[in-house]
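Worksheet: one structure, shown below.
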């Protein structure tokens with residue numbers, strides 16, 4: 001039996017419901033029709049995770065201009081995410097993955113925490129890029145640059 005592609009392996013995880021910082025059940029598949037950045041981080045309100053979250057926040061309008069949703073995910077609770085989002089004015093979705101099932105499905109669960117990794121999907125939720133073991137500082141800009149090139153390539157091809 002052939003091995004599943006990364007896209008096929010992730011398909012069930014896109015349908016798995018998780019609570020966001022407002023307590024609403026959300027699925028990554030809801031973002032079909034938009035580009036999607038899913039970034040995993042270890043823990044709310046820690047130095048590196050705060051830097052990364054604030055950098056995504058500061059670039060959020062540029063991501064929106066490229067029709068790109070941002071979703072952060074960690075093994076923290078929805079209540080922890082709410083406090084983190086409020087404290088740092090994070091306006092994008094944060095998913096609570098308390099049991100680590102989503103991080104495990106994406107292959108980034110390490111010692112009970114999500115390893116810092118980012119997954120970029122196009123508007124059809126096709127996986128386009130994975131960033132593993134990233135540095136918190138300047139990563140959001142790196143992701144934005146990739147999304148910009150992905151969108152421009154699509155425009156050039158008439159998609």
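Each reported figure results from applying straightforward, stated rules to the coordinates on display, with no laboratory input. For clarity, every value in this text was computed on a predicted model and none was experimentally measured. For neighbour counting, all protein chains shown are included, and Cβ atoms are generated from backbone atoms with ideal geometry for every residue, glycine included.
Data for the structure
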{"quantity": "Members of the range 110-126 that are in a strand (DSSP E or B) and more than 18 Å from residue 155 (Cα to Cα)", "calculated": "110, 113, 114, 117, 118, 119"}
{"quantity": "The range 121-139 residues that are touching a residue at least 12 places away in the same chain (Cβ under 8 Å) and on the phi > 0 side of the Ramachandran plot, paired with ones that are in a strand (DSSP E or B) and buried (at least 19 other Cβ atoms within 10 Å of the Cβ) (beta carbon under 7 Å, 6 or more apart)", "calculated": "125/36"}
{"quantity": "Selection count where residues are closer than 21 Å to residue 142 by Cα and outside any strand (DSSP E or B), scope the range 89-106", "calculated": "4"}
{"quantity": "Residue count, the range 13-38 (criterion: within 16 Å of residue 81 (Cβ to Cβ) and either surrounded by fewer than 22 Cβ atoms within 10 Å (Cβ to Cβ) or out of contact with any helix residue (DSSP H, G or I) (no Cβ under 7 Å at 6 or more places or on another chain) (or both))", "calculated": "8"}
{"quantity": "Number of positions in the range 40-57 that are surrounded by fewer than 18 Cβ atoms within 10 Å (Cβ to Cβ) and touching a strand residue (DSSP E or B) at 6+ places or on another chain (Cβ under 8 Å)", "calculated": "1"}
{"quantity": "Top-ranked residue in the range 69-89 [being in contact (Cβ under 8 Å) with a residue 40 or more places away in the chain and closer than 17 Å to residue 118 by Cβ; ranked as surrounded by the fewest Cβ atoms within 10 Å (Cβ to Cβ)]", "calculated": "71"}
